[in-house]
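Working notes, beginning with the structure itself.
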Amino acid sequence: MANRSSRGSTMAKLKGLASIVSELRVERTNLLSQLRHVDAALSVLGKLDTGHYTKPRRRRLSAAARRKIAAAQRARWAKAKGKKSD
């Protein structure tokens, strides 16, 4: 009798596994459908723009402008240092 009861529990487990596998297959189908929709949306959006993200260009300062900024900063530091020593 012990053999039959272990067979019954094994069969119940297999049936439970089969239902889980079936649910997973349904979920996989749903996910694939959603992915197709996402791919379609990305395709449409890609046609609206080049699809490439470009960083905004940084503004470049000339050497003369950098020298002026540096001189102004040195003047500010000197002024601040002069006030502290009083």
**OP:** Search the range 28-46 for residues that are of a type in the set (K, R) and pair each with any residue that is surrounded by 10 or more Cβ atoms within 10 Å (Cβ to Cβ) when their beta-carbon atoms are under 6 Å apart and the residues are at least 6 apart or on different chains.
**Re:** none
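Would the range 48-65 turn up any residue that is in a helix (DSSP H, G or I) and modelled with pLDDT under 95?
Yes; the residues of the range 48-65 include at least one that is in a helix (DSSP H, G or I) and modelled with pLDDT under 95.
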Original post:
Looking only at the range 27-47, which residues are hydroxyl-bearing (S, T, Y) and modelled with pLDDT under 90?
Top reply: S43
Original post:
Which condition number in (1) at pLDDT 85 or above; (2) surrounded by fewer than 10 Cβ atoms within 10 Å (Cβ to Cβ); (3) in a helix (DSSP H, G or I) is the one that Q73 fails?
Top reply: (2)
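The values are calculated or read from the model by the stated rules, or taken from the named source; none is laboratory data. Keep in mind that what you see is a predicted model, and the values were worked out from it rather than measured. Positions of Cβ are generated from backbone atoms using ideal geometry, with glycine treated the same way; all protein chains shown enter the neighbour counts.
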